Amino acid sequence: MSSFAIQAALTITSLNLSNSILEKIEQNDEFTTVVDGASGDIYPLALSLLSINPYFSGDDILITHIGILKKGQRVATGQIRIKGYEIIDLPQTPLNDIISKLPAKQKAIAGRYFGYGYSKLPEKTGQELLNIILDMFPDQVADIERIAGKLNREPIPKTNRNEDAAVEKDIVGLCLDIFGEDRSKILQSWKSSTGEKSVGKSFLTGLPEYSAYEDDLINHDLSNLPGWEVVQKDITGVVEFENAENERLVIINANRKPMEKALGVDLIYFHRKYEAFTFVQYKMMDQKVEQGDRSYYNPNQRSQEDEQERMQRLYDLLLNEKESKSLNDYRIGNCPIFFKVCRKLQLKYEDTSIAPGAYIPLNQWKILLNDESTKGPKGGCQIGFHTLKNRYISTTMFVELMQRGFLGTQSIASKKIGLFIQAAIEQGHSVMYAIDERGFTGNSENSTS
């Protein structure tokens, strides 16, 4: 008997809305819709039975799915947006067949919770319903218990590692998008350990299903990658993902100092097919304008100056290299170094999104620091969406350009990267080094192997 409970019910009988939701589930394994009710009538997160039946007529309610419903924002008075995800198909079953198996006390009232829209279920009724569902559909038991378990995890304790881990999580999600894998299920599999080290030395340590051993990586011939000898000495976490074509994405976290003393997180992404390195430095918009809810990053700080000087030295080094005429080396710009400006990140189990951000190349960044468009009312520099307007690369655009090999270093310059990685680690940064082997055949004309 399960210790979990079905907490809510969602019944959709509209033909058009049912078809729309079913199409979204088929395409994305999730959906959003708007339901009637006050905010207090809807759980923040709930394991829910769903009846999405475009052929509804009369009282023939069919239970069609089970999944998690997440409360969103109010869209109008008495209307709340909800998101459904981790959706599991169930054999379509008349609600009355399920209710008939309930104890007499619950049987008399259970049907009222499936009239239309969203309803909370009493705890005892929810427990009984879940046990019936598990008995009726044994093939779905493992999946149902998996998603139910996600709602019963201990809260993540607040530590001085949480913000770094939230950035590391965002980086993993970004890398998975570039690699072309579904980030949602992977990020939702993350498990924190207990106690003060609940987020571990690295976010990667909470992805045990994808953990890889260092010796295995060396056997996969990563030891010849630029900067590997530096990274290898300071590894705090390693994960390995594989797609349907047996291509791999390896993400390595390296840091020489204790993670709670690290200055920030760099992403160094290596696309092996194009022998292209791309660098991303996160900058948090933790300041707000005096009027309005507009956040911005203030670059007027010593740590920013030090980081920019270090990146500029690398950029100058790369600019001194002879330009390649190879088609494989074509890039749309010569700057492989980017800042990602985004709002402060929070570490949450259920959040598998990538933080909306502005990706800004270093050469544009230097212009922004002194441009009139970024000056606040007191003359200070404000780098935020309200000053950038649309003059930045969005996440979607960044991912697509990375996938096509249009960003990053040229192969002839990639051998210089080890110096940058070493400098980053020595200065206390937590370096996330991603190696994307998608499309790599092992016989590249300018291969570093």
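Check whether at least one residue in the range 407-414 is farther than 26 Å from Glu163 by Cα, touching a His at 6+ places or on another chain (Cβ under 9 Å) and in a helix (DSSP H, G or I), and report yes or no.
no
Of the conditions (1) more than 20 Å from Asn28 (Cα to Cα); (2) surrounded by 17 or more Cβ atoms within 10 Å (Cβ to Cβ), Val141 fails just one. Which one is it?
Result: Val141 passes all but (2).
Using the structure shown, decide if Glu400 is in a helix (DSSP H, G or I), without any contact (Cβ under 8 Å) to a residue 40 or more places away in the chain and within 27 Å of Arg183 (Cα to Cα).
So Glu400 passes the test.
Among Phe137, Phe179, which is in contact (Cβ under 8 Å) with a residue 12 or more places away in the chain and under 20 Å from the mean Cα position of the chain (by Cα)?
Phe179
Among the candidates Ile178, Ile147, Ile82, Ile132, which residue alone is more than 30 Å from Thr278 (Cα to Cα) and in contact with a helix residue (DSSP H, G or I) (Cβ under 7 Å, 6 or more places away or on another chain)?
It is Ile132.
Name the residue that is farthest from the chain's Cα centre (by Cα), counting only residues in the range 69-100 that are closer than 17 Å to Leu10 by Cβ and among the basic types (Lys, Arg).
Arg81
Within the range 23-32, is there a residue that is within 25 Å of Gly149 (Cα to Cα) and either touching a Pro at 6+ places or on another chain (Cβ under 8 Å) or in the same structural domain as Ser353 (by TED's automatic domain parsing) (or both)?
No, the range 23-32 contains no residue that is within 25 Å of Gly149 (Cα to Cα) and either touching a Pro at 6+ places or on another chain (Cβ under 8 Å) or in the same structural domain as Ser353 (by TED's automatic domain parsing) (or both).
Please count how many residues of the range 306-334 are part of a helix (DSSP H, G or I) and surrounded by 15 or more Cβ atoms within 10 Å (Cβ to Cβ).
9
Can you tell me how many residues within the range 240-267 are modelled with pLDDT of 90 or more and aliphatic (A, V, I, L, M)?
Matching residues across the range 240-267 total 4.
Any chance the range 33-41 includes a residue that's touching a strand residue (DSSP E or B) at 6+ places or on another chain (Cβ under 7 Å), within 22 Å of Lys150 (Cβ to Cβ), without any contact (Cβ under 8 Å) to a residue 60 or more places away in the chain and among the hydroxyl-bearing types (Ser, Thr, Tyr)?
yes
If you go through the range 231-238 one residue at a time, do you hit one that is modelled with pLDDT under 70 and not acidic (Asp, Glu)?
Taking every residue of the range 231-238 in turn, none turns out to be modelled with pLDDT under 70 and not acidic (Asp, Glu).
Would you check if there is a residue in the range 209-226 being modelled with pLDDT of 90 or more, part of a loop (DSSP other than H, G, I, E, B), of a type in the set (Asp, Glu) and within 26 Å of Glu245 (Cα to Cα)?
no
Just to be sure before I move on: is Thr395 at pLDDT 90 or above, in contact with a helix residue (DSSP H, G or I) (Cβ under 7 Å, 6 or more places away or on another chain), surrounded by 14 or more Cβ atoms within 10 Å (Cβ to Cβ) and not small (Gly, Ala, Ser) in the structure I sent?
So Thr395 does not fit the description; no.
Which residue pairs have Cβ atoms closer than 6 Å, lie 6 or more positions apart in sequence or on different chains, and pair a first residue in the range 297-313 that is under 15 Å from Val280 (Cα atoms) and in contact (Cβ under 8 Å) with a residue 40 or more places away in the chain with a second residue that is among the β-branched types (Val, Ile, Thr) and surrounded by 14 or more Cβ atoms within 10 Å (Cβ to Cβ)?
Here the result reads Met311/Ile337, each pair linking the range 297-313 to a residue that is among the β-branched types (Val, Ile, Thr) and surrounded by 14 or more Cβ atoms within 10 Å (Cβ to Cβ).
If I go through the range 114-131 residue by residue, how many of them are closer than 16 Å to Ala5 by Cβ, more than 34 Å from the chain's Cα centre (by Cα) and surrounded by fewer than 18 Cβ atoms within 10 Å (Cβ to Cβ)?
1
Among the residues of the range 335-358, how many are touching a strand residue (DSSP E or B) at 6+ places or on another chain (Cβ under 8 Å) and either crowded, with 21+ Cβ neighbours inside 10 Å or outside any strand (DSSP E or B) (or both)?
Of the residues in the range 335-358, 15 are touching a strand residue (DSSP E or B) at 6+ places or on another chain (Cβ under 8 Å) and either crowded, with 21+ Cβ neighbours inside 10 Å or outside any strand (DSSP E or B) (or both).
For Ile156, which of the numbered conditions (1) touching a Phe, Trp or Tyr at 6+ places or on another chain (Cβ under 9 Å); (2) of a type in the set (Val, Ile, Thr); (3) over 22 Å from Ser48 (Cα atoms); (4) at pLDDT 75 or above fails to hold?
(4)
If you go through the range 373-385 one residue at a time, do you hit one that is assigned by TED's automatic domain parsing to the domain that holds Gln403, surrounded by 20 or more Cβ atoms within 10 Å (Cβ to Cβ) and assigned to a strand (DSSP E or B)?
yes
Show me the helices (runs of 4 or more DSSP H) found entirely inside the range 1-113 where at least 2 residues are crowded, with 16+ Cβ neighbours inside 10 Å and modelled with pLDDT under 85.
Here the list reads 104-110.
The values are calculated or read from the model by the stated rules, or taken from the named source; none is laboratory data. Treat the numbers as computed from the prediction; the structure is a model and nothing was measured. No Cβ is skipped: glycine too gets one built from the backbone with ideal geometry, and neighbour counts run over all protein chains shown.
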